[in-house]
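Throughout, read-outs are computed from the coordinates displayed, never taken from laboratory work. None of these values were measured; they are calculated from a predicted model. Don't worry about glycine lacking a Cβ; one is built from the backbone with ideal geometry, like all the others, and counts go over all protein chains shown.
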Amino acid sequence: MNARDTQSEGLIHHRAIWLSDIHLGTRGCRAADLLEFLRVHDADVIYLVGDIVDGWQIKRSWYWHQSHNDVVQKILRKARKGTRVIYVPGNHDEGLRHFTGMDLGRIEIEPEAVHTTLDGRRLLVTHGDLFDGVIQRAKWLAYLGDTLYMLALELNRHFNRLRQRMGLPYWSLSQYLKHQVKNAVSYISDFEQAVAHEAKRRGFDGVVCGHIHQPALRMIDGVLYANDGDWVESLTALVETTCGELQIVRAAPITHSVPAARAAAMSA
């Protein structure tokens, strides 16, 4: 059963949507693509699984495109219309962890959440940075890695602008580097194992996280591991359809411009 079979009034309705690593406040954020996704997809509950706003980058250099504001307004509008929105902060928006238990504009701030699927499986929802040894033991190294990642994204942006002029499809430099560097591949595997192990230890049937920008949906040691990806490169979300099926949904990239972003935000 495909989620696209559950349309109502032009919307594809789901039981739940998980979004993470949007990184509003950075030039790499693909806000226009997310706006289009939110225009088409709706849910009973939306989980914002951390790194929605990039506080690290904003502290370094202020950047806030109109489309970033439109994303915030779009989510707030869904909350006002009855969608339950639960925000689980990550390391880039860790300041929001001080507001745990509070309701900000009908958005619930929680350190983690629990989602029960239609077939009764209990899923732990957590950003995932607490299982990242670099974040926990050498935060300075995490800051350095983030700076280098942003540099790779900036180079990638210019490179793909040239590819677009040549009629070639999008290609991710940073994703290529991740898969070429053995240590990065090992880091991703270790992270996934650690998150799945913690979910199993606590008696959950699965876990939904973000943090590493690597969408995935598979079993690890008898536990469902789901990573909803990001809105910088992969442009993915995790959804639970009205039939209870969990899916990774990948958005089709659109042309990025202020008018396009604003039109997507206002068309719903």
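A count restricted to segment 56-82 and to residues that are among the small types (G, A, S) and closer than 17 Å to I46 by Cα stands at 2.
Report whether or not L38 is among the aliphatic types (A, V, I, L, M), in contact (Cβ under 8 Å) with a residue 60 or more places away in the chain and closer than 21 Å to F191 by Cβ. Reasoning before the result, please.
Values: among the aliphatic types (A, V, I, L, M): yes; in contact (Cβ under 8 Å) with a residue 60 or more places away in the chain: yes; closer than 21 Å to F191 by Cβ: no.
Judged against the criteria, L38 is not a match.
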